[in-house]
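Heads up, the thing below is written out as structure tokens.
The values are calculated or read from the model by the stated rules, or taken from the named source; none is laboratory data. Here the structure is a predicted model, which means the values were calculated and not measured. Glycine gets a Cβ as well: all are built from the backbone with ideal geometry, and neighbour counts include every protein chain shown.
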Amino acid sequence: MSQGRLNQLPEWAALAKHRAELGEVHLRDLFAEDPERGTKYSLQVGDLYLDYGKHLVTGETLGLLRDLAAARGVAQLRDAMFHGDKINFTEHRAVLHTALRAPRDSVVEVDGENVVPKVHAVLDRMAAFADRIRSGEWTGFTGERITTIVNIGIGGSDLGPAMAYEVLRGYTDRGLEMHFVSNVDGADLYEAVRAADPATTLFIVSSKTFTTIETITNATAARQWILDAFGDDAAVAKHFVAVSTNAGEVAKFGIDTTNMFEFWDWVGGRYSYDSAIGLSLMIALGPDGFREMLDGFHAMDEHFRTAPPEQNAPLLLGLLGIWYRNFHDAQTHAVLPYSHYLSRFTAYLQQLDMESNGKYVDHDGRPVDWQTGPVVWGTPGTNGQHAYYQLIHQGTMLIPADLIGFAQPAPGLGVFADQHDLLMANLFAQGQALAFGKTSEEVAAEEVPAEEVPHRTFRGDRPTTTILADKLTPSVLGQLIALYEHKVFVQGAIWDIDSFDQWGVELGKVLAKRIEPALTAGAGDTSALDSSTAALVNRYRAQRGR
Ligand code: F6P
């Protein structure tokens, strides 16, 4: 949807002018001018309450940002995505993760075929399989019940289920031991299986392409572990299932394709955890919990598709990101959950956001001359407060942040739930301190020695969005993830980049395959390498005695 260069649009110029006019806008002033700001700048979407009053924006700013979105055709591109158009223009693919959570009776067509029946057929197969594992009906080679599940995958074939399993632990079957192995470092697989019994262990090999070297290497080692235990090829069928789009490679690997759960090329890796890639999660959570999560995703999809711009939460978050990235030169965006269970949430968002919007050429292949995706980072907020929050409060960089919390403690915490008020007090206090800081007058009034006043003064004006839900449930997780998916979409549409390819990660994969032979004994020719890499390889060979 290219409508001319982004930074030559009048709407872009209007925002730049507005930014200059606003100058150093102060949140203290904005709140003083409008006592209603705290509630006016808020949205309730499904179970999520979004407080965006603590942003460096006025009503005019938001209007100008929405004008930019309209000028870029964000709504039209959104409709094209939901419609199954091939908006992944470098890979010529539809982008239809939204079809993965579409209700059974909906119609979503790709190349004239309604894909919803296929989606639900796979979900039904997954549910039947998950029930067989959970009930003990599916047994291992020696007839024992499966109690350990190891998902082997990487990137989008790991991060989603690994994150969601942590988030929803309170809803999972605690009798099942779950592991997520992604790193090609043998330590990852070793730690997952060192205390496991092969007789009760099931491996789920998750890979869209089934050619990813890390995953295939780990899966091959796992298969050998099973073969060493049972000395019989027939054991593989009882201890391995696959999740992939590539039946040919699955069969070549030695997994019976009747034990394969399918998904499709119109599901991007980083948008895939509500496809069969979520099988491990479904086993842990049970099919009903998984479906509840999908309903949460779908509710946010519908909101994004139908809500007017003024009330559209993903559009709003996307535009606020544009405001800071392009008009305040913010280089990073922090996501700071106030929930221990969301400890891997930001790691998941890193792939979603940075693999999607880390691009420097536009739709027409020209280098962009505006900034695109920010660095996304963060860990649970309370721990961050005692580590890096200092820089957010008093450093020289502007770091917009999302603070995420829940009114109710997570389920099943028993007496430990009493600590929840303190946790949430920290969230609210941080949003307040970041926004309003502490003036030098306030510091001086505390009879602080004059020379210390500047050090103890907090400028404030550090923008945050607070996302508050009543409870952390499977549905709420679905709503949250879909919110961020569509936020990333909005930004990619405005920046005029392909948010659905990932060519940047391909080069490293190719070069690793090329270098590996040079590391092994007898194959030490490093003459084709640059001198720095050759020196490192030679040193490594020497240290390994080769
Ligand atoms: O990191 C690149 C990437 O292609 C991701 O987009 C993807 O999620 C990951 O590798 C894993 O790929 P696959 O599922 O094909 O093994």
For A99, which of the numbered conditions (1) assigned to a helix (DSSP H, G or I); (2) crowded, with 17+ Cβ neighbours inside 10 Å; (3) in contact with an Asp or Glu (Cβ under 8 Å, 6 or more places away or on another chain) fails to hold? (3)
Of the conditions (1) among the basic types (K, R); (2) within 14 Å of the ligand (Cβ to nearest atom); (3) surrounded by fewer than 19 Cβ atoms within 10 Å (Cβ to Cβ), the single one that R270 does not satisfy is (3)
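Residue check: is L349 outside any strand (DSSP E or B) and closer than 24 Å to F31 by Cα? Lay out the reasoning, then the answer.
On the way: outside any strand (DSSP E or B): yes; closer than 24 Å to F31 by Cα: no.
No.
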How about the stretch 187-223: which of its residues are outside any loop (DSSP other than H, G, I, E, B) and within 12 Å of the ligand (Cβ to nearest atom)? V205, S206, I213, E214, T215, I216, T217, N218, A219
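Can you tell me how many residues in the stretch 382-400 are in contact with a helix residue (DSSP H, G or I) (Cβ under 8 Å, 6 or more places away or on another chain) and more than 30 Å from T172 (Cα to Cα)? Can you show your working first?
Of the residues in the stretch 382-400, the ones in contact with a helix residue (DSSP H, G or I) (Cβ under 8 Å, 6 or more places away or on another chain) are 382, 385, 389, 392-393, 397-400.
With more than 30 Å from T172 (Cα to Cα) added as a condition, the list becomes 389, 392-393, 397-400.
Going through the stretch 382-400 one residue at a time, the tally reaches 7.
Can you tell which of F82, F89 is of a type in the set (F, W, Y), modelled with pLDDT of 95 or more and touching a helix residue (DSSP H, G or I) at 6+ places or on another chain (Cβ under 9 Å)? Don't jump to the end; show me each part of the working.
On the way: F89 fails: touching a helix residue (DSSP H, G or I) at 6+ places or on another chain (Cβ under 9 Å).
Going through F82, F89 in turn, the sole match is F82.
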Report, by residue number, each residue of the stretch 155-177 that is closer than 24 Å to G268 by Cβ and either modelled with pLDDT under 95 or more than 16 Å from the ligand (Cβ to nearest atom) (or both). Y165, E166, V167, L168
Go through the residues of the stretch 252-261 one by one and say whether even a single one is assigned to a helix (DSSP H, G or I) and within 13 Å of the ligand (Cβ to nearest atom). yes
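Sort out which residues of the stretch 485-504 are of a type in the set (F, W, Y), part of a helix (DSSP H, G or I) and buried (at least 23 other Cβ atoms within 10 Å of the Cβ), and write them in order of number.
We begin by selecting, within the stretch 485-504, every residue of a type in the set (F, W, Y); these are 489, 495, 500, 503.
Among the residues that remain, those that are also part of a helix (DSSP H, G or I) are: 489, 495, 503.
Passing the criteria: F489, W495.
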Go through the stretch 438-465 and give me each residue that's under 32 Å from the mean Cα position of the chain (by Cα) and on the phi > 0 side of the Ramachandran plot. G460, D461
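Could you check the stretch 350-370 and list, in sequence order, the residues that are more than 16 Å from the ligand (Cβ to nearest atom) and either closer than 24 Å to I467 by Cβ or of a type in the set (V, I, T) (or both)?
As a first pass, look at the stretch 350-370 and keep what is more than 16 Å from the ligand (Cβ to nearest atom): 360-370.
Selection gives V361, V368.
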Filter the stretch 251-282 down to residues that are among the aliphatic types (A, V, I, L, M), modelled with pLDDT of 95 or more and over 24 Å from L349 (Cβ atoms), then give me how many there are. 1
Being assigned to a loop (DSSP other than H, G, I, E, B), under 20 Å from D301 (Cα atoms) and touching an Asp or Glu at 6+ places or on another chain (Cβ under 9 Å) is the filter here; which residues of the stretch 56-85 pass it? G84, D85
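For the stretch 412-425, which residues satisfy the criterion of being buried (at least 16 other Cβ atoms within 10 Å of the Cβ) and either out of contact with any strand residue (DSSP E or B) (no Cβ under 7 Å at 6 or more places or on another chain) or of a type in the set (F, W, Y) (or both)?
Residues of the stretch 412-425 buried (at least 16 other Cβ atoms within 10 Å of the Cβ): 420, 423-424.
Passing the criteria: H420, L423.
With L316, L320 as the choices, which residue is touching a His at 6+ places or on another chain (Cβ under 7 Å) and under 13 Å from Q491 (Cβ atoms)?
Working: L316 fails: touching a His at 6+ places or on another chain (Cβ under 7 Å).
Testing whether each residue is touching a His at 6+ places or on another chain (Cβ under 7 Å) and under 13 Å from Q491 (Cβ atoms) leaves just L320.
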Restricting the stretch 273-291 to residues that are over 19 Å from I152 (Cβ atoms) and under 19 Å from the mean Cα position of the chain (by Cα), the residue that is farthest from the ligand (Cβ to nearest atom): F290
